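The block underneath contains the structure these notes are about, expressed in structure tokens.
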Amino acid sequence: LTTMEQEKLRAHVAEVLTRARSRSTALTDAVDDHDLTRQHSRLMSPLVWDLAHIGNQEELWLVRDVGGRDPVRQDIDELYDAFKHARVDRPALPLLGPAEARGYVTEVRDKVLDVLDHAVLEGRPLVEGAFAFGMIAQHEQQHDETMLATHQLRAGAPVLDAPPPPRGRWVPAAEVLVPAGPFTMGTSTEPWALDNERPAHQVHVDAFVIDTTPVTCGDYLAFVEARGYHDPQWWSPTGWAHRQQAGITAPRFWEREDGRWVRTRFGVREPLPLDEPVVHVSFHEAEAYAAWAGKRLPTEAEWEKAARFDPASGRSRRYPWGDEDPTAEHANLGQRHLRPAPVGAYPAGASPLGVEQLIGDVWEWTSSDFAGYPGFAVFPYPEYSQVFFAPKFKVLRGGSFGTDPVACRGTFRNWDYPIRRQIFSGFRCARDPRPEELG
Ligand code: AVJ
Ligand code: FE
């Protein structure tokens, strides 16, 4: 790298880290100490755990590993190791209090910016495109999305606010045919792509049809009103067993009130937004809706081909709209709006084949189990992805309104248990083409 390129990279890293920290601060300064330390749901950590865990991971990777500096708080490593304590047990741990946690993350960050400056001053190249810094910025943003999900579960008066998303529009075609053929899945060139997105490899995908937009609350309401939650024919045996045992009859945060459906969003009750992508559904619910609609969920390869394949050039793009980083015109990302945007709101974000809102708004369930790609290599640690490669996890794609652009791209892979719905999860449907559609 030339000195100029080094400086550009340094400034970019500093900017991305600072943006993550502003968000962590916004998500934790808005709540009082009691709310920071208590557990809002057994599925989530106390917010103050996420905050100090963000600092601890940053200390481990950037202060100690990259910087070679002395530990700041080696004594707390065990408390903030996600593999040592389940979320449900974290409130009972002797955690740093809110003031201590804030002081800790600030002290770590000061050292990290010093490590970054010295790397540049001493002319040491920021190795691998400063991957470790990018990984830590993504890690902080992933926990910021998790903290946003905790806010959604939190009872009491709302503390978060953001302007509404852009208006929707009528979308001409409900479905798009993606032609059969190979495409490049995953990446070997995206500098901050995580190990599970690598390497780039060719995948043959048969022709399929995919929805132009995510399934909306209005679409989903029709399934609810058709008593879809009471008919096992639409559900997998596992999905049905879970539906019955958990007594689920609608998406999370939907409620019947005076004979109509309402939903609660960050402490505010509102009429169902019929034209917004449905959010807070499990894989099982998504799968049941798709069956009821005469369709199915897309596989992960289908989703990525719809999002990245450009039939004109035959190559895979970084994003549906091209190779440029997302702007506010392309996608609803980064907690800029605290809800999914109505369908049709992002014509500039469409893929070459005309598929919209693949990036942002809601994470989209796919039918695929989480697994390593052919040629997968652990980097830099097995606990990021490899230990989760298992059929019990389903892959979600595309990011949500709560996801920062640094942790979202055409190749980005998220995963969760198929029963989870406290995350910002929705879906779109796919199906096999009818013979006449193949011409
Ligand atoms: C990729 C969102 C499933 O939150 O468990 C955070 C990201 N990994 N800390 C998670 C992650 C380590 C991960 N997900
Ligand atoms: Fe983490």
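Bear in mind that the values in this text are calculations on the coordinates, not laboratory data. Fair warning: this is a prediction, and the values are worked out from it, not measured in the lab. Neighbour counts run over all protein chains shown; Cβ positions are idealised from the backbone, glycine included.
Using alpha carbon coordinates only, what is the Rg to Rh ratio of segment 224-317, with Rh defined as the Kirkwood radius?
Over the Cα atoms of segment 224-317, Rg/Rh equals 1.08.
Taking the alpha carbon gyration tensor of segment 206-269, what are the square roots of 5 times its eigenvalues, largest first, to the nearest whole Å?
They are 23, 19, 12 Å, listed largest first.
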Task: Sum of -39500 (n - 2.57) over DSSP H runs of 4+, divided by residues of the chain (222 nm, nearest 500) - done: -10000 deg cm²/dmol
Task: Base-10 log of normalised Debye intensity for segment 62-174 (one unit scatterer per alpha-carbon) at q = 0.18, 0.23 Å⁻¹ - done: -1.13, -1.47
- [ ] Counting only C-alpha contacts under 8 Å and six or more residues apart, can you give the relative contact order of segment 114-243 as a whole percent?
- [x] 20
Task: Along each principal axis, Cα extent of segment 341-391, largest first, Å - done: 39, 21, 19
Open item on the list: How much length would be gained if the chain were fully extended between Leu93 and Gln244, taking 0.36 nm per residue of separation minus their Cα-Cα distance, in nm to one decimal?
Closed with: 51.0 nm
Task: Radius of gyration and maximum dimension Dmax of segment 1-118, Cα, Å - done: 15.6, 50
TODO: Just need log10 I(q)/I(0) for the chain at q = 0.06, 0.09, 0.13 Å⁻¹, Debye formula, equal scatterers on the alpha-carbon atoms, no solvent, rounded to two decimals.
DONE: -0.25, -0.58, -1.23
Open item on the list: Based on alpha-carbon centroids, what's the gap between segment 64-95 and segment 8-52 in Å, whole number please?
Closed with: 16
Task: Kirkwood hydrodynamic radius over Cα pairs of segment 260-388, then Stokes diffusion coefficient at 37 °C and 0.692 mPa s, in µm²/s - done: 192
Task: All Cα pairs of segment 83-142, percent lying beyond 13 Å - done: 74
Task: Inter-label distance for Ala226 and Arg296, nm, one decimal - labels placed 7 Å from Cα along Cα-to-Cβ - done: 1.8
TODO: May I ask you to order 45-54, 298-307 by the average number of other C-beta atoms within 10 Å around their residues, highest value first?
DONE: 45-54, 298-307
Open item on the list: Please compute the length gained on full extension between Gln386 and Ala162, using 0.36 nm multiplied by the number of residues separating them and subtracting their Cα-Cα distance.
Closed with: 77.0 nm
Task: Length-normalised contact order for segment 48-130 - Cα pairs under 8 Å, 6+ apart - percent - done: 44
Task: Around Trp234: net Lys/Arg minus Asp/Glu count, Cβ-Cβ under 11 Å - done: -1
Task: Reference-scaled alpha-carbon Rg (2.2 N^0.38 Å with N residues) for segment 173-216 - done: 1.50
Open item on the list: Using the Cα centre of the chain as origin and beta-carbon charges of +1 (Lys, Arg) and -1 (Asp, Glu), tell me which of Pro391, Val108, Ile54 is placed farthest towards the positive end of the dipole.
Closed with: Pro391
TODO: Calculate how many DSSP beta bridges within the chain are antiparallel, expressed in % of all such bridges and rounded to the nearest 5.
DONE: 90
Task: Where Rh is the Kirkwood radius over Cα pairs, Rg/Rh for segment 360-439 - done: 1.04
TODO: Take a quick pass over the chain and tell me how many lysine pairs come in under 28 angstrom between Cα atoms, counting only ones 8 or more apart or on separate chains.
DONE: 9
Open item on the list: Given contacts defined as C-alpha pairs under 8 Å and at least six residues apart, what's the relative contact order of the chain, whole-number percent?
Closed with: 18
- [ ] Mind checking segment 57-131 for chymotrypsin sites (Phe, Trp or Tyr not before Pro) that DSSP puts in a loop (not H, G, I, E or B) and that have at most 12 other Cβ atoms within 10 Å?
- [x] Phe83
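Looking only at segment 163-312, where both bridge partners belong to it, what percent of the DSSP beta bridges are antiparallel (to the nearest 5)? Spell out each step's value before the answer.
Details: 18 of 18 bridges.
Within segment 163-312, antiparallel bridges account for around 100 percent of the total.
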